[in-house]
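Have a look at the structure below, then the notes.
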Amino acid sequence: MKFNKTLLLGILIILQTACNNYQDLIEIDHSSELNLQVNEAYNERGIYILNNKYYLNSSIKLPEDIKGIQIEDDAIWRPNGLKNIPRLSDIDAPFQIFKEKNNDSIYLIKANDTIILKLDKLIQ
């Protein structure tokens, strides 16, 4: 197989651009203060990107007793008998996020329902 330097260079440029885009994102952490209407949210490489500006760890667990917000379990890879553990990335936009400064609670409001999330200690 012949090595194509142009193709490799193109791939490296695309990867570098993607990495730089992630560096521009603002992490929502313990010290953040935020009142944000989220119109666009997607999971990308373990982070949940909000409005292409902020991010949270996408594996933040949702409370097991949430009501009013439907979480669809459409995973085809999950073995029979294993329970789905809802995560933040299971909630689709639009929704609103409110967080006070120096607090680990995040209030997510969707369709007149409020979910209180705790920032995971693993977020760095």
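The values are calculated or read from the model by the stated rules, or taken from the named source; none is laboratory data. Not measured: the values here are computed from a predicted model. All Cβ positions, even for glycine, are placed from backbone atoms using ideal geometry, and neighbour counts span all protein chains on display. Side chains included, ligands, DNA and RNA excluded: accessible areas come from the protein's heavy atoms. Shrake-Rupley method; radii C 1.70, N 1.55, O 1.52, S 1.80 Å.
Checking residue 96 against (1) modelled with pLDDT of 80 or more; (2) in contact with an Asp or Glu (Cβ under 8 Å, 6 or more places away or on another chain), only one condition comes out false. Which one?
Unmet condition: (2).
Taking into account only those residues within the range 104-121 that are part of a loop (DSSP other than H, G, I, E, B) and farther than 23 Å from residue 73 by Cβ, which is modelled with the lowest pLDDT?
Taking the range 104-121 and keeping what is part of a loop (DSSP other than H, G, I, E, B), we get 104, 111-112, 119-121.
Still in the list and also farther than 23 Å from residue 73 by Cβ: 104, 112, 119, 121.
On the way: 104: 90, 112: 84, 119: 85, 121: 53.
Only one residue tops the list, namely 121.
Would you be able to tell me the number of residues in the range 75-103 that are of a type in the set (D, E, K, R), farther than 12 Å from residue 56 by Cβ and either touching a strand residue (DSSP E or B) at 6+ places or on another chain (Cβ under 6 Å) or part of a loop (DSSP other than H, G, I, E, B) (or both)?
Qualifying residue count for the region: 5.
Please find, within the range 81-104, the residue that is nearest to residue 30 (Cα to Cα) out of those that are free of Cβ contacts under 8 Å to residues at least 60 places away in the same chain and open to solvent by less than 10 Å² (accessible area, probe 1.4 Å).
This residue is 88.
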